[in-house]
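K.L.:
This structure is in structure tokens; I'll ask about it shortly.
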There are 2 protein chains.
Amino acid sequence: MEIREIKLEELDTKSFVEEKVSEISATVGDGSAINALSGGVDSSAVTMLAHKALGNRLKTFFVENGLMREGEPQRIVSLFRELGVSVEIIDAKKLFFDALKGVTEPEEKREAITRVFYKEVFGQLVKKSNARYLLQGTNYTDIEETVAGIKRQHNILEQLGIDTQEQYGYKVIEPLIQLRKSAVRRVAKALGLPEEIYNRPPFPGPALAARVIGEVTPERVEIVRRATKIVEEELSKTGAFQYLAILHNDKVTGIREGKRDYGLQIEVRCWESKDAKVGSPTRLPHDVLEKLAEKITKEVEGVVSVTYNITKKPPSTIEAI
Amino acid sequence: MEIREIKLEELDTKSFVEEKVSEISATVGDGSAINALSGGVDSSAVTMLAHKALGNRLKTFFVENGLMREGEPQRIVSLFRELGVSVEIIDAKKLFFDALKGVTEPEEKREAITRVFYKEVFGQLVKKSNARYLLQGTNYTDIEETVAGIKRQHNILEQLGIDTQEQYGYKVIEPLIQLRKSAVRRVAKALGLPEEIYNRPPFPGPALAARVIGEVTPERVEIVRRATKIVEEELSKTGAFQYLAILHNDKVTGIREGKRDYGLQIEVRCWESKDAKVGSPTRLPHDVLEKLAEKITKEVEGVVSVTYNITKKPPSTIEAI
């Protein structure tokens, strides 16, 4: 099926919302649906659309995969509670870390996360809830990149020939599939979501697993989680498109209290971009860069070196994995 | 033996040179000595001191270990020929690469290089030449760092309890051992060496092997050699203390002609420092950084990502290995 993009300039948010709400109502009928909320702009917009369409017949879950940022599950759940949407947290940390054990190749990591998410976690939830539909926030860029073979986005299924009905026992509904990120943001704003959500920098599905080069263990995720917190605190005011910390697998020589310390390296990336198709490193002042390095090497145990990405996309990608 | 530093402000280059020349003459007597010239300021100054002291009884070798920068052996040899010092190139590439096969731990790499250099290469040369002395440019910082346990400098032997007489068949003379880098530069200038040498940024002994994280193979050295050439061309005019390119072992996702390209990453470091004891990343303009990334990703095959070090020493070290 060919998917037609709705460009930002032709988007009428009010009629888009009305149209999608009635499409969801019509598809789900008097059945029920579930969806996963990550707190990103895509899944947040989908949650609001489906909530408008289905009310209590929508069950929204926050999957705690152990790969989220500090305090994220609680923050997102309470934010949606204020909007009248109740969200249930599913603790699936063990399932994800078990699946990631010993996996170092990026595409295999993505595959493991996709499998656990759709099959183990959502397969079970669907069975328990009797829902026949899963709503998710796949957008136009996800499809383009996956089809082009750049990287397998975690939420792409049908376009890769995965029959969710047969394999997982439910059908997938993707109301945002014709929109790029900037259009999704506008829809999210129209849906009454707060700026914290509609302007939120992208944080892709595999979450901190995409920020760990090499094996993803709870300990290594905790290291990149701490670095991520510092990077987000220091760079949120820049207005950059996306900013991230990456834990490398390579170790480098450092020095602590006059002694050799063979330690870890964190790479910081901060991007100027409209839609993630192309991007340039933000020209951060050197004061900001040095402060970042100082805080990370001081506050994140084991880190002796911090670098800053200076390569554009292409030939880089936004994330390292 | 306690070594006393001669500080820059108390250094009288003329009397230092005279003193060292007569010390070398007295020690070697009517015997002969050999030395290895790498083209760095330390070994260049030693070559000139020993040449003044011993004339033709000094045999100077340039050890081609396969880890040197592009065109380096030829350039250094012809430069010293103009100064009246003849230098013989020893092709030891195979010995070094054989010793480095499968070695990934930094200290083991250094140890392998040290062993090949002093035992296999110089042990043989000493036997053939009947020389009983090896002159080398160990300086005060090398000793300090090795004794402090920060990193094993390739040229530190006696201080680590290595008896060269017993193990390799020769004694080591180290005329620069009381000087830090800036003092060595002043002595090198006083010895009539050209600015290209006396102001040359440091390029430590393990050479490009210290710029390759993971296994050091001829192919991987060639990649970092090309990146090093670009970094040196672009940054030589900055007047920075030292600048380098490091090939990482980690691979990162990139994109080429719309397709996923899982490729290599180069880290660039550029340092402001007086004596390598402490240092700060040079605050290079972002234009310069982006140009570096563009040239490296365009001209060095397989590289999709370039980063810039933003961490001070400490807790970083100048080199990564």
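FYI, it's all coordinate maths here, none of it is from the lab. Remember, it's a predicted structure, so these values are computed and weren't measured experimentally. Neighbour counts run over all protein chains shown; Cβ positions are idealised from the backbone, glycine included.
K.L.:
Look through B:Glu272, B:Glu299 and report the one residue that is more than 9 Å from chain A (Cβ to nearest Cβ) and touching a residue at least 60 places away in the same chain (Cβ under 8 Å).
P.N.:
It is B:Glu299.
K.L.:
Residue by residue through region B:12-30, note down the ones that are more than 24 Å from the chain's Cα centre (by Cα) and crowded, with 18+ Cβ neighbours inside 10 Å.
P.N.:
B:Val28 - this is the single residue of region B:12-30 that is more than 24 Å from the chain's Cα centre (by Cα) and crowded, with 18+ Cβ neighbours inside 10 Å.
K.L.:
Taking A:Glu232 and the conditions (1) within 11 Å of another protein chain (Cβ to nearest Cβ); (2) under 20 Å from the mean Cα position of the chain (by Cα), which numbered condition does it fall short on, given that it satisfies the others?
P.N.:
Condition (1) is where A:Glu232 drops out.
K.L.:
Being basic (Lys, Arg) and either touching a residue at least 60 places away in the same chain (Cβ under 8 Å) or touching a strand residue (DSSP E or B) at 6+ places or on another chain (Cβ under 7 Å) (or both) is the filter here, so list the residues in region A:92-133 that pass it.
P.N.:
Once the filter is applied, which keeps residues that are basic (Lys, Arg) and either touching a residue at least 60 places away in the same chain (Cβ under 8 Å) or touching a strand residue (DSSP E or B) at 6+ places or on another chain (Cβ under 7 Å) (or both), region A:92-133 yields A:Lys93, A:Lys101, A:Lys109, A:Arg110, A:Arg132.
K.L.:
I've got another one for you. Condition check: at negative phi and at the interface with chain B (Cβ under 7 Å from one of its Cβ atoms). Does A:Val288 satisfy that?
P.N.:
No: the conditions fail for A:Val288.
K.L.:
Is it the case that region B:72-88 has a residue that's under 24 Å from the mean Cα position of the chain (by Cα), surrounded by 22 or more Cβ atoms within 10 Å (Cβ to Cβ) and over 28 Å from B:Arg225 (Cβ atoms)?
P.N.:
no
K.L.:
Tell me the residue from A:Gly254, A:Gly263 that is facing chain B (nearest Cβ under 7 Å) and either of a type in the set (S, T, N, Q) or within 27 Å of A:Glu219 (Cα to Cα) (or both), please.
P.N.:
The conditions single out A:Gly254.
K.L.:
Does B:Thr317 meet the test of being within 30 Å of B:Leu179 (Cα to Cα), polar (S, T, N, Q) and more than 7 Å from chain A (Cβ to nearest Cβ)?
P.N.:
no
K.L.:
Condition (residue is under 17 Å from the mean Cα position of the chain (by Cα), buried (at least 21 other Cβ atoms within 10 Å of the Cβ) and farther than 30 Å from B:Glu2 by Cα) applied to region B:95-105: is it met by at least one residue?
P.N.:
yes
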